[in-house]
Structures are given as structure tokens and as C-alpha cells.
Amino acid sequence: MQVVSDEAIMTTRVQSLAQSGLSRVPPQYIQPPQTRPIRHAPPESDSESIPVIDLCSFDPTQRASTRDSIARACRHWGAFHVTNHGVPPSLLASLRRAGLSFFSDTPMPDKLRYSCSAAAASEGYGSKMLATTTTTTTSDQNGAVQVLDWRDYFDHHTLPLSRRNPTRWPESPSDYRELVARYSDEMNVLAQKLLALISESLGLRASCIEDAVGEFYQNITISYYPPCPEPDLTLGLQSHSDMGAITLLIQDDVGGLQVLKGSDKWVTVQPLSDAVLVLLADQTEIITNGKYRSCEHRAITNPDRARLSVATFHDPAKTAKISPASELINDSSPAKYRDVVYGDYVSSWYTKGPGGKRNIDALVLDS
């Protein structure tokens with residue numbers, strides 16, 4: 001049995017492993033057979049592709065058709081691309097460029113100056129996400145095998161503004177901090193507009209979901225997936241649904257993000273350079289009483305090329321109590337989920353690990 005200490009994990013970066021020239025993946029990164037990726041050919045039809053929704057720059061004359069498109073995407077996928085979303089394409093490209101520069105051009109000793117602590121969801125540069133004292137190739141208390149992701153990341157705390165401290169972010173490239181701050185503000189506005197459309201698509205008042213979530217706690221995570229010598233044995237990011245309300249993601253042209261369609265089909269999300277990918281997260285599933293399900297997704301690795309993505313998470317405050325919207329509850333449609341304090345949900349997620357959608361499934365009430 002191989003045991004890897006927290007100290008070793010905290011100081012070992014996947015990028016360093018990849019650059020060392022190893023030909024085999026260390027055992028702590030090898031997925032059990034049942035979760036290893038199966039490579040699929042590109043989708044043969046539009047019905048197998050993530051929907052692309054033109055927001056028409058939020059033209060009010062197009063709002064009804066936009067709502068209908070969002071309703072279909074939320075029911076069938078829990079995810080969709082948006083175009084003409086109001087965020088300058090030049091900003092998307094600049095942030096991808098700055099993030100890649102940090103990982104590719106900054107010497108490792110300088111990157112390690114920004115290392116995050118062992119606490120879950122701490123800000124900074126890291127590789128290991130879950131709050132466990134050791135990581136092994138053995139089973140955890142739920143019978144699931146804990147395996148490390150083939151990924152490094154930099155997590156930024158960006159909203160509320162009281163959490164935003166750019167001095168904790170990389171100094172190089174020189175515009176990095178300013179770009180992250182601008183991007184944070186743009187994503188905040190876009191998330192608010194999207195939640196309004198999602199609420200309206202269910203016949204709710206536009207502010208319903210945002211009111212339930214409260215002030216956004218926003219984190220921006222730039223993930224770097226180095227080339228992997230054994231991509232069929234590893235995952236860049238294990239299967240999970242996001243724990244908050246809504247996630248907005250951009251990626252480079254390498255590709256590797258997959259979403260689960262139905263119960264067993266993984267569909268690769270084809271990169272669209274000027275689009276933003278919208279992923280519904282667990283608290284929105286609760287608020288909509290399961291009418292819209294959060295999107296289970298994962299990242300596969302690439303043997304030849306590094307991949308970069310930027311995920312912007314919009315979450316409730318830890319003290320927020322989340323429950324199904326009262327407007328969606330009646331005798332014929334009772335509540336399907338237990339109320340939950342978001343901070344308790346987060347603690348459970350990081351302690352147990354994601355494990356697909358097991359954390360939100362644990363809140364489902366017996367029918």
C-alpha cells in the first residue's frame with residue numbers, strides 16, 4: 001500500500017511530475033477501473049452536443065425565446081454555452097493568456113510562493129483539493145477510492161470585495177491582477193443576468209434564485225492540466241457537480257471537459273473561444289426542487305498538450321439556508337430536498353469528496 005503524506009502532496013505539483021519525463025503515472029493518480037475515461041469520437045449530431053444559446057446581448061425583444069432555449073438546456077443538460085453575453089471576447093482571451101503565462105513562464109520557486117494552505121478551498125496555488133489528512137490508493141469510509149487529480153490550479157477569492165486581495169495573486173504577467181479583477185466583475189454581472197433568465201424560465205420572478213442564494217461568494221479557479229503519459233488511467237478532475245449556485249467556465253482550444261448526459265454517457269464539450277459555458281450547480285437544483293438538475297462533469301487528460309480552463313463559481317454565504325422555492329411546492333409537487341445550511345454542505349463535500357452527485361443525492365427526501 002502506498003501512502004502519500006499531506007506534506008509531500010502540498011509541495012509536489014503535477015506540472016513538475018510531467019516535466020520530469022516520467023513515462024508512467026504515479027499510483028496515487030491512477031483511477032480505479034470503473035472511473036477511468038473511455039474515449040469517445042466527437043458528437044455525430046447536434047442532439048449530442050451541449051446547446052449553444054445566443055443571448056442576443058440581452059435584447060428584451062428576444063427574451064421570451066431566450067428563456068425557452070434556456071429551459072430546454074436546463075432540463076436536458078444542466079449546462080449550455082452562451083454567446084453574445086456582453087463580456088468582451090478580448091477579456092476572455094487576455095485572461096486565458098495571463099493564466100497560461102503564470103503556469104508556463106513563472107519559475108516553480110516563484111509559483112510556490114503563492115502556495116495555498118492545507119485548508120479546503122484556501123486561496124492560492126495548489127494541486128490537492130480535498131480536506132483529507134492522507135491520500136492513499138485505499139478506500140475511504142464510503143468505499144470510494146481517493147485518487148489525486150492530474151491538475152494544478154490557482155484559486156482566487158474575488159467576491160464580496162471584502163475577500164478580494166490582489167496582493168495574494170501573481171504579479172506576473174504585469175496585468176494579471178487587473179485582468180482577474182475585471183473578469184470577476186464581468187462574470188458577476190453575467191451570473192446575475194443568467195439566474196434571472198433561469199428563474200423566469202420556470203415561471204418564477206426574475207430575482208427568485210438570486211434572492212435565495214444571497215450575495216455571491218465568488219471564486220475564480222484557473223486550472224492547468226499538464227500532458228499526461230497515461231491519459232487512459234487518469235482524470236484531470238474527477239466526476240462531480242459543483243456545490244454552489246452557478247458556474248461560468250471558459251477553456252482553451254485543447255478540450256477535455258466532459259459532461260454526463262443521462263446516467264452513463266460522457267459527452268466532450270467542444271471548445272468555443274468566445275462563448276461562456278454555464279454549469280448549473282447543486283444549490284440551484286435544490287432551489288428549483290429538482291426541475292433543473294446540476295451538471296455532473298469531469299476533465300480528461302491529454303498525452304501531448306497542456307490544457308487550461310477558468311471556472312468562476314458563484315456560491316451562497318456559508319450561513320445561507322437553502323431550500324426549494326416555495327412557489328414550486330404544492331400538494332402535487334412536494335419538496336424533494338431537505339433544507340441545508342450551505343456551510344454544512346461545503347464541509348461535507350470537502351470531507352467526503354465529490355463522488356459524482358452523492359452529496360446532493362444525500363439531501364433527497366423519501367417520496
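The values are calculated or read from the model by the stated rules, or taken from the named source; none is laboratory data. What you see is a predicted model, and the numbers here were worked out from it, not measured in a lab. All Cβ positions, glycine included, derive from the backbone under ideal geometry; neighbour counts span all protein chains shown. Only protein heavy atoms, including side chains, enter the accessible area calculation; ligands, DNA and RNA are left aside. Shrake-Rupley method; radii C 1.70, N 1.55, O 1.52, S 1.80 Å.
Assorted remarks:
- Number of positions in segment 238-273 that are farther than 28 Å from Gly214 by Cα and either aliphatic (A, V, I, L, M) or open to solvent by less than 10 Å² (accessible area, probe 1.4 Å) (or both): 8
- The requirement of being in contact (Cβ under 8 Å) with a residue 60 or more places away in the chain, of a type outside the set (A, V, I, L, M) and closer than 27 Å to Gly290 by Cα is not satisfied by Ser207.
- For Thr83, the conditions (1) out of contact with any Gly (no Cβ under 8 Å at 6 or more places or on another chain); (2) exposed (fewer than 15 other Cβ atoms within 10 Å of the Cβ); (3) hydroxyl-bearing (Ser, Thr, Tyr) are fulfilled apart from (2).
- Residues of segment 280-320 that turn out to be among the β-branched types (Val, Ile, Thr), part of a loop (DSSP other than H, G, I, E, B) and under 24 Å from Thr234 (Cα atoms), as a count: 2
- With respect to the conditions (1) in contact with an Asp or Glu (Cβ under 9 Å, 6 or more places away or on another chain); (2) open to solvent by less than 10 Å² (accessible area, probe 1.4 Å); (3) without any contact (Cβ under 8 Å) to a residue 60 or more places away in the chain, Arg177 lacks only one, and its number is (2).
- A Cβ distance below 7 Å, combined with a sequence gap of six or more or placement on separate chains, defines the contacts here; from segment 145-156, residues that are over 22 Å from Thr351 (Cβ atoms) reach residues that are β-branched (Val, Ile, Thr) and not in a loop (DSSP other than H, G, I, E, B) in the pairs Trp150/Val14; Asp152/Val14; Phe154/Ile222; His156/Val180; His156/Ile220.
- Residues (under 26 Å from Asp110 (Cα atoms) and either open to solvent by less than 50 Å² (accessible area, probe 1.4 Å) or at pLDDT below 95 (or both)) located in segment 180-204: Val180, Ala181, Tyr183, Ser184
- In summary, Thr35 fulfils each of the numbered conditions (1) within 24 Å of the chain's Cα centre (by Cα); (2) modelled with pLDDT under 90; (3) of a type in the set (Val, Ile, Thr) with the single exception of condition (2).
- Residue within segment 340-352 that is assigned to a loop (DSSP other than H, G, I, E, B), open to solvent by 20 Å² or more (accessible area, probe 1.4 Å) and polar (S, T, N, Q) present: no
- Condition broken by Ser273, with the remaining ones in (1) modelled with pLDDT of 95 or more; (2) in contact with a helix residue (DSSP H, G or I) (Cβ under 9 Å, 6 or more places away or on another chain); (3) not in a helix (DSSP H, G or I) satisfied: (1)
- Of Ser294, Ser333, Ser323, all but one fail to be closer than 26 Å to Val259 by Cα and either free of Cβ contacts under 8 Å to residues at least 60 places away in the same chain or open to solvent by 20 Å² or more (accessible area, probe 1.4 Å) (or both); the exception is Ser323.
- Cβ pairs under 7 Å, 6+ apart, first in segment 259-284 and more than 30 Å from Asp339 (Cα to Cα), second small (Gly, Ala, Ser) and open to solvent by 10 Å² or more (accessible area, probe 1.4 Å): Thr268/Gly255; Gln270/Ser49; Gln270/Gly255; Pro271/Gly255
- Residue within segment 230-239 that is within 10 Å of the chain's Cα centre (by Cα) and closer than 30 Å to Ala320 by Cα present: yes
- Ser139 more than 22 Å from Gln251 (Cα to Cα), modelled with pLDDT of 95 or more and not charged (D, E, K, R): no
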